[in-house]
Amino acid sequence: MTVTGMNVVELDRIAVQEAVRLVDLATAADWTRDTPCAGWTLRRLVAHMTAQHVGFAAAARGAGREPEHWREAEDVSEPARAHRSAAAEVLAAFAEPGVTEREFALPNLGGIPGGRAVGFHLVDYVVHAWDVAATLGATVDLPEHVLGAALAVARAVPTDPARRGPGFPFAPALEVPEGSGPLQEALRLLGRSPERWPVRG
């Protein structure tokens, strides 16, 4: 699967590495900060990101139906280190030959083509990179082709209200103002309000 002429695995790698860079900026005082994910502190958000990396890595290797791979750790004393390790694990799994042709089993979605699954992971980590940056008041540094690819995936996410909100991956879509850039449009399509957070980029 390619997006905007590039391999989706490479696009995902860039997004994941930016998310790792941003998480690594957090200090001990930052883990209790609120995030754009309603009700989640930065510690909880990073625990979720870590578990998703582990789950996607398992799915890439045929074990996505086993729920233990998707569970968040209850006590993570070093959230950034755990996240960094999980990110390396998923990038290694996605780099295996033929990964986009495999079937991935994902929670609430069942079996889907690997290329599509990696695309979902890509948009998740563009959005989560922004979540972390917004929490820390930092800058998101992602190239336009990665943001454009994430926007293409975000535009394809169903907007049915019955599949948005609590218990689902994304909040209801928000209106996209004319002239919005690709990151701002993707965020709003997936229920984020970028104007409420002092993030740059």
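The values are calculated or read from the model by the stated rules, or taken from the named source; none is laboratory data. Just so you know, these numbers come straight off a predicted model, no measurement behind them. Cβ placement follows ideal geometry from the backbone for every residue including glycine, while neighbour counts extend to all protein chains displayed. These area figures cover heavy atoms from the full protein model, side chains too; ligands, DNA and RNA do not enter into them. Shrake-Rupley method; radii C 1.70, N 1.55, O 1.52, S 1.80 Å.
At a glance:
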| quantity | calculated |
| --- | --- |
| Test: residue in the range 99-109 that is buried (at least 18 other Cβ atoms within 10 Å of the Cβ), on the phi < 0 side of the Ramachandran plot and in a helix (DSSP H, G or I) | yes |
| Complete set of residues in the range 147-173 that are at pLDDT 75 or above, open to solvent by less than 60 Å² (accessible area, probe 1.4 Å) and either of a type in the set (A, V, I, L, M) or touching a Phe, Trp or Tyr at 6+ places or on another chain (Cβ under 7 Å) (or both) | LEU147, ALA149, ALA150, LEU151, ALA152, VAL153, ALA154, VAL157, ALA173 |
| Check on ARG116, open to solvent by 80 Å² or more (accessible area, probe 1.4 Å), touching a helix residue (DSSP H, G or I) at 6+ places or on another chain (Cβ under 7 Å) and not in a loop (DSSP other than H, G, I, E, B) | no |
| Residue match in the range 59-80 (condition: of a type in the set (Ser, Thr, Tyr) and without any contact (Cβ under 8 Å) to a residue 12 or more places away in the chain) | yes |
| Selected residue [touching a helix residue (DSSP H, G or I) at 6+ places or on another chain (Cβ under 8 Å), modelled with pLDDT under 95, part of a loop (DSSP other than H, G, I, E, B) and more than 18 Å from VAL123 (Cβ to Cβ)] from ALA26, ALA63, ALA38 | ALA63 |
| Residue satisfying condition, being touching a helix residue (DSSP H, G or I) at 6+ places or on another chain (Cβ under 6 Å), open to solvent by 70 Å² or more (accessible area, probe 1.4 Å) and over 27 Å from PRO143 (Cβ atoms), within set ARG13, ARG43, ARG84 | ARG43 |
